[in-house]
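Peer 1: Mind looking over this structure? Questions follow.
The values are calculated or read from the model by the stated rules, or taken from the named source; none is laboratory data. Bear in mind the structure is a predicted one, so any value in this text is a computation, not a measurement. With ideal geometry, Cβ positions are generated from the backbone for all residues, glycine too; neighbour counts draw on all protein chains shown.
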Amino acid sequence: MEEEKKEQELPNLEQTIKELREELNKALKEKEEYFAGLQRAKADFLKYQQEEEKRKEQYILLANFNIMSELINVLDSFVLALENVKDEEILKGLSLIKGQLEGILKKYGLEIIEPKEGEILNPRFHEAISRKTCQVKECQGEDEGKIVSVFARGYALHGTVIRPAQVSVIFHEK
């Protein structure tokens, strides 16, 4: 009788072990799915953090862009004043103040665009506000688009042009 009991219990144990293994496999699969989901969520969060950091930098640049575009008018006023002052002491003082202002603005990413006469017009950095016809017979086609005079310097902030330099260029009548 005891042997019969043992024989009945063995199939139950084998069935129980089989069921437990199936549950274990199911639990392991669920664990892998949850872990993979967690890894995806972590990667998405890291990507989100990076995008937010870029957006924050763009907001800062935009804020600087607005204030820089206002301050370059003050800088232009200094340049104009320096061109028209005759008194040496006043000229020296204005030059120092202009230098300080330029230093501060450059520290925050302002770049001054100062084209030279003879350079070729670059529409990305220069704005041709007048054209001069070449009067010399020896003018060649290669002179076309060369800067003849500079009316106002331009400015860029971290490579983005705030205001292009205003220039006059040579052109040929055909």
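Peer 1: I want to confirm something. Restricting to region 92-110 and keeping residues that are part of a helix (DSSP H, G or I) and surrounded by 15 or more Cβ atoms within 10 Å (Cβ to Cβ), which single residue is farthest from the chain's Cα centre (by Cα)?
Peer 2: At the first step, the residues of region 92-110 found to be part of a helix (DSSP H, G or I) are 92-107.
Narrowing further to those that are surrounded by 15 or more Cβ atoms within 10 Å (Cβ to Cβ): 94, 98, 101-102, 105.
Values: 94: 33, 98: 27, 101: 23, 102: 21, 105: 17 Å.
Applying the filter and picking the extreme gives 94.
Peer 1: Could you list all residues from region 93-122 that are closer than 22 Å to residue 171 by Cβ and in contact (Cβ under 8 Å) with a residue 40 or more places away in the chain? Break it down stepwise before answering.
Peer 2: So in region 93-122, the residues closer than 22 Å to residue 171 by Cβ come out as 113, 115-122.
Residues satisfying the conditions are 113, 115, 121.
Peer 1: Residues of region 138-155 being of a type in the set (D, E, K, R), outside any loop (DSSP other than H, G, I, E, B) and either closer than 17 Å to residue 70 by Cα or modelled with pLDDT of 85 or more (or both), which ones?
Peer 2: Restricting attention to region 138-155, the residues satisfying the condition of being of a type in the set (D, E, K, R) are 138, 142-144, 146, 153.
So of that shortlist, the ones also outside any loop (DSSP other than H, G, I, E, B) come out as 142-143, 146.
146, the sole residue that qualifies.
Peer 1: Give region 72-90 a look and list any residue that's loosely packed, with under 11 Cβ neighbours inside 10 Å and closer than 21 Å to residue 163 by Cβ, or say none. Steps first, answer last, please.
Peer 2: Of region 72-90, the ones loosely packed, with under 11 Cβ neighbours inside 10 Å are 73, 83-84, 86-89.
Across region 72-90, the qualifying residues are 73, 83.
Peer 1: Residues being farther than 15 Å from residue 119 by Cα and either modelled with pLDDT of 85 or more or surrounded by 17 or more Cβ atoms within 10 Å (Cβ to Cβ) (or both): count how many of those fall in region 159-174. Before you say what the answer is, go through the steps one by one.
Peer 2: Here is the first cut: in region 159-174, the ones farther than 15 Å from residue 119 by Cα are 159-163, 172-174.
Checking the rest, the ones that are also either modelled with pLDDT of 85 or more or surrounded by 17 or more Cβ atoms within 10 Å (Cβ to Cβ) (or both) come to 159-163.
Count: 5.
Peer 1: Conditions: (1) touching a residue at least 40 places away in the same chain (Cβ under 8 Å); (2) in the same structural domain as residue 161 (by TED's automatic domain parsing). Residue 147 meets all but one. Number of the miss?
Peer 2: It fails just one condition, (1).
Peer 1: Would a scan of region 124-137 turn up a residue that is in contact with an Asp or Glu (Cβ under 6 Å, 6 or more places away or on another chain), surrounded by 11 or more Cβ atoms within 10 Å (Cβ to Cβ) and assigned to a strand (DSSP E or B)?
Peer 2: no
Peer 1: Just one of (1) over 22 Å from residue 164 (Cα atoms); (2) in the same structural domain as residue 160 (by TED's automatic domain parsing); (3) modelled with pLDDT of 90 or more trips up residue 126, so point out which.
Peer 2: (1)
Peer 1: With the requirement that a residue be within 15 Å of residue 158 (Cβ to Cβ) and free of Cβ contacts under 8 Å to residues at least 12 places away in the same chain, what does region 57-83 give you?
Peer 2: Within region 57-83, 57, 58, 59, 60, 62, 63, 66, 67 meet the criteria.
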